[in-house]
1. Have a look at Leu285, Thr352, Leu325 and report the one farthest towards the positive end of the charge dipole of segment 274-431, computed about the Cα centre with Cβ charges (Lys/Arg +1, Asp/Glu -1).
2. Taking neighbour Cβ counts within 10 Å as the exposure measure, how do Ser78, Ser513 sort from fewest upward?
3. Along the charge dipole of the chain, which of Leu114, Thr176, Val515 sits closest to the positive end, that is, farthest toward it, with unit charges on the beta carbon of Lys, Arg, Asp and Glu (+1, +1, -1, -1)?
4. Taking 45 Å as R0, compute the FRET efficiency from the Cβ-Cβ separation of Lys206 and Ala259 and round it to 0.05.
5. Relative to the longest principal Cα axis of the chain, at what angle does helix 332-352 sit, 0 to 90 degrees, rounded to 10?
6. Under a straight-distance cross-link criterion of Cα-Cα below 28 Å, which lysines are reachable from Lys384, leaving out those fewer than 8 residues away in the same chain?
7. Give the long-range amide H neighbours of Tyr520: residues separated by 5 or more places, or on another chain, with amide H under 5 Å away, using H modelled in the peptide plane at 1.01 Å from N.
8. With a/c under 1.5 counting as rounded, go ahead and sort segment 223-277 into rounded, prolate or oblate using the C-alpha gyration tensor (a ≥ b ≥ c being the square roots of the eigenvalues; past the cut-off, prolate if a/b is larger than b/c, else oblate).
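Quick note: the coordinates plus some simple rules give every number you see, no bench work behind them. No experiment lies behind these values; they were computed from the predicted model shown. Cβ sites come from the backbone with ideal geometry, for glycine too, and all protein chains shown count toward neighbours.
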Amino acid sequence: MTVAEGPDRSQSPHIGATVPAPRPPAATVALIMTPLCLSVLLSALDLTIVTPAIPAIVASFHSTAGYVWIGSGFVLASTAATPVWGSLADIWGRKPIILAALTLFLAGSLLCALAPQVDALVAGRVVQGLGASGMGTMVNVIICDTFSLRDRGLYLAITSIVWAVGSAVGPVIGGTFTTRLDWRWCFWLNLPIGAVVFVVLLLFLKVPTPHTPVLAGLKAIDWTGSLLIVGSTLMILLGLEFGDVTYPWSSATVACLLAFGTVVVGVFILNEWKLAVNPVIPLRLFVNRSSVAAYVVFSCNFYVLIGLSYYLPLYSQAVLGADPLTSGVHLVPLIVSSSLSAACTGTFIQMTGVYLPLMYVGQAMLILGAGLFINLEYGEGLAKLIIFEIITGIGIGMNMEPPLLAALAAATELDTAAVTATMGFLRSIATSIAIVLGGVIFQNRMNLNSGELLRSLEPEVAANFNGKNALASVELIAGLPVDQQTAVRVAYFRSLRAVWIMYVVVGGVSLLSNVFVRSYHLSADTTTVRLGVDRRTSEDRTMAQERAGVVELNNSAQHIARI
């Protein structure tokens with residue numbers, strides 16, 4: 001297998017020099033990784049901890065108006081803001097930005113805990129989402145700055161494990177607080193942990209920080225690009241959120257949100273290409289074919305992970321008859337296997353510097369596992385489901401970090417924050433689309449099964465299980481006579497099979513994209529990245545020449561044409 005050399009990180013004509021730095025000692029690694037992992041844990045917990053608490057929250061405020069927005073406000077804000085944090089970190093440095101993001105998150109948590117009405121709670125969730133997106137982005141960027149390309153896989157895998165565990169236990173903790181104490185403890189919990197993280201990061205995180213004047217930094221921000229990417233993301237996600245829930249897919253509201261969101265994406269690309277001096281998402285990240293393929297693989301992998309995490313509990317409850325808590329336990333094999341697989345993959349990459357074969361094996365395992373879900377027969381026990389989850393989880397874990405490493409290896413060091421933020425943004429988009437598209441397929445299949453349900457159920461009862469109502473009517477199944485329960489559970493089973501087929505297709509797209517991912521050399525050297533506004537001087541000069549068609553750069557035996 002031919003190993004390609006990445007861009008020269010010692011003397012890149014685009015970005016100036018990067019300076020070799022010694023590998024941090026074990027004590028320093030522990031001091032860095034502990035608060036970073038706690039930051040990831042807080043972000044992951046708040047993504048899911050409120051799910052079981054929402055009914056109690058709505059009841060305490062005597063209002064159903066904010067039901068959807070308590071969860072959606074966090075996700076929308078987090079997704080829309082993710083690309084912006086990377087450019088801010090390049091201007092002011094990693095440490096000030098992660099502290100600012102953590103402060104935002106804690107302020108949002110305090111607002112949620114003290115919220116006197118549902119509007120204040122939703123506002124707090126939005127502020128939390130903004131902070132959580134910055135925390136998640138900065139954790140990955142700091143790891144990439146601190147460790148060599150070869151070592152990053154292991155430490156990124158550790159944070160992925162923490163994220164997976166936090167997401168899995170969030171509903172359990174939220175349910176416990178809501179039942180035993182009060183739902184506000186879901187937010188009070190963040191404050192003492194976050195305060196400790198803030199102090200440790202402030203005192204012990206030693207990373208280069210440029211002394212960028214506030215005014216100069218504000219001038220360097222791509223305000224137009226930031227507003228365009230936030231606006232387009234919000235419009236598209238709101239369109240997907242509203243579709244067939246608040247409004248029909250054919251409604252003017254949904255159509256306009258999706259259409260205008262797409263148009264604004266085009267305007268954003270034009271701005272980044274022709275106008276922006278310090279673009280939020282540099283288009284040069286998408287010139288390298290290997291990088292683009294890595295982005296696709298990464299997105300597909302998390303698409304399947306989030307989709308399974310969302311629809312496997314539905315399978316457990318609607319088909320197997322499990323209660324909500326047990327359905328969460330049924331998800332543990334997927335979470336544990338993917339986490340252990342990610343850890344083993346990171347360790348292997350650290351030892352060998354090889355990642356491409358692991359990506360192929362992981363995709364094959366993912367496709368195999370998702371394909372086995374299709375072959376499940378109604379009435380089969382839990383054993384097969386657990387085995388299939390483990391197979392799929394191993395495949396997912398093997399592709400959690402390698403695509404990011406492949407994209408980073410193909411980029412220059414000063415694009416580390418941009419690549420990492422872009423990956424986080426794509427992961428959030430894939431999360432939203434996985435849930436929405438899975439719901440569309442499931443609902444359509446339930447509508448196709450409505451004829452068979454009408455032969456077993458009264459029309460008014462069958463209406464509870466049509467496409468639009470099926471997701472919200474799972475608890476009604478247990479109250480039906482046994483023969484009617486069987487008819488309804490079979491309908492859910494057949495409809496979810498179509499969702500499993502979708503995951504096989506997505507896995508196939510990932511495998512096909514992997515053909516274009518190159519095997520780059522992963523350096524064991526750690527470098528210190530130059531940050532601040534002035535770091536762009538040589539890059540701006542080169543870009544201006546390129547736009548005039550004067551310069552073609554040669555980067556370590558490969559020509560990289562930059563936009």
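1. Leu285
2. Numbers: Ser78 28, Ser513 21.
So the ranking, lowest neighbour count to highest, is Ser513, Ser78.
3. Val515
4. Working: r = 48 Å, r/R0 = 1.07.
Rounded to the nearest 0.05, the efficiency is 0.40.
5. For helix 332-352, the angle is close to 20 degrees.
6. Of all the lysines, none pass the test against Lys384 - Cα under 28 Å, at least 8 places apart if same chain.
7. Ala4
8. Details: a/c = 4.72, a/b = 2.80, b/c = 1.69.
It comes out prolate by the Cα gyration axes.
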